[in-house]
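Rule-based calculations on the coordinates, nothing more; no lab input. Quick caveat: nothing in here was measured; it's all calculated off a predicted structure. Every residue, glycine among them, receives a Cβ derived from its backbone with ideal geometry; neighbour counts consider all protein chains shown.
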Amino acid sequence: MNLSTSKSNHELVYIALVILALVTVGSSFLHLPGNTGVYVIFALALSQAFLVALQYMGLKIEGFMVYALMIIPLILFAIFVFLCIPDIAHYPLHLNI
Amino acid sequence: MDNTAAVHHDEYEVEDYTGPEGTTAGRLGVWILISSEIVLFAGLLGSYILFRLFHPEWYEESSHLNLYLGTVNTLLLLTSNFFMMKATTAVEKDDQKLSAKYMLLTIGLGLAFLMVKGVEYTLEFKHGEFPSSGPFWSFYFLLTGIHGTHILGGLVAIFLLWIHAKNNALGELKGRVALTGLYWSFVELVWIFLFPLLYLLREGAPK
């Protein structure tokens, strides 16, 4: 592990984040066919999130315990989404919005 | 280096912590806080995404948001977090005065973010958009309101550290700078998802 390298990367990470943010905004004007635009925006957002988590939050040098901690909310989230899908799919039938 | 091996009993002291090396008690505590926050934000964002998938007509309402102000806020928060990282690095090099300067920049940019958000809210209220105006606006005000509250909380924490750092009196609080930086990065991470989801999704837009 090279901590000094990760710290000297702050400037590079910042520049990358700004570029990715601007590209994300720009891509929203492209009117890509189908859901391609949505996928592109999510891919760019995920790239930014990984950069922040790995470089700024130091996730790349964290131990097993932190990763184990992160699994719990993700499992809860997956259960939540799974349980919500049928309800939301029928939402217009119930509330007529 | 094996990070697990780096966790020794004597490292489980918050005040001994001066960097993101190993898993100290303070750092573990902040990660527990973050994991609970993930449950909150993932739940809200997940609900919003699912609703949005089934209601592409929400594009009409989201197109009323001010994209320029949203983009400015994104850049403000990115820059604010960058300076917080610089403040952390400065403290680790035992340069508290420099760290205080970076913290002040972080606070200034964080306040600017809240001010821009306030301007956005004002514009939306003037256009008759309130949390009760519909499901999209309920989600919008709830998500950005909770995120703004987290910004405010982070700013208070950074301000308290700044008071000590500017007097070269961080002492045992040095480790808290990195921990606050970790929290501040998480707040930025949430906005990285909030911004495109609320402002940029064109699904449902006329071709």
Going by C-beta contacts inside 10 Å, put B:THR88, B:THR79 in order with the fewest on the left. B:THR79, B:THR88
Taking only C-alpha positions in region B:119-207, Rg and Dmax in angstrom work out to 18.0, 60
Rounding to the nearest 10 and keeping the result within 0 to 90°, find how far the Cα-based axis of helix B:25-54 lies from the longest principal axis of chain B. 10
By how many nm would the segment from A:LEU12 to A:LEU46 grow when fully extended, if each residue of separation counts as 0.36 nm and the alpha-carbon distance is taken off? 10.5 nm
Can you find, among B:ILE192, B:ILE163, B:GLN96, the residue farthest towards the positive end of the dipole of region B:63-207? Put +1 on the C-beta of Lys and Arg, -1 on that of Asp and Glu. B:GLN96
Could you give me the radius of gyration and the Dmax of chain B, taking only the C-alpha atoms into account and expressing both in angstrom? 19.4, 62
Quick one: 3J(HN,Hα) in Hz for region B:76-88, Karplus 6.51/-1.76/1.60 with θ = phi - 60°, rounded, Gly and Pro as x. 4, 6, 4, 5, 4, 5, 4, 5, 5, 5, 5, 4, 4
Assuming R0 = 45 Å, what is the FRET efficiency of B:LYS166 and B:PHE125, from their Cβ-Cβ distance, to the nearest 0.05? 0.75
Approximate spin-label separation A:LYS60-B:VAL72, in nm, with each point projected 7 Å along Cα-to-Cβ: 3.4
In square nanometres and to one decimal, what's the mean projected area of the convex hull around the Cα atoms of region A:1-61? 4.2
Could you pull out which residues in region B:175-192 have an amide N less than 18 Å from a spot 7 Å beyond the Cα of B:ILE49, following the Cα-Cβ vector? B:187-192
Using Cα pairs closer than 8 Å and at least 6 residues apart in sequence, work out the relative contact order for chain B, in percent. 32
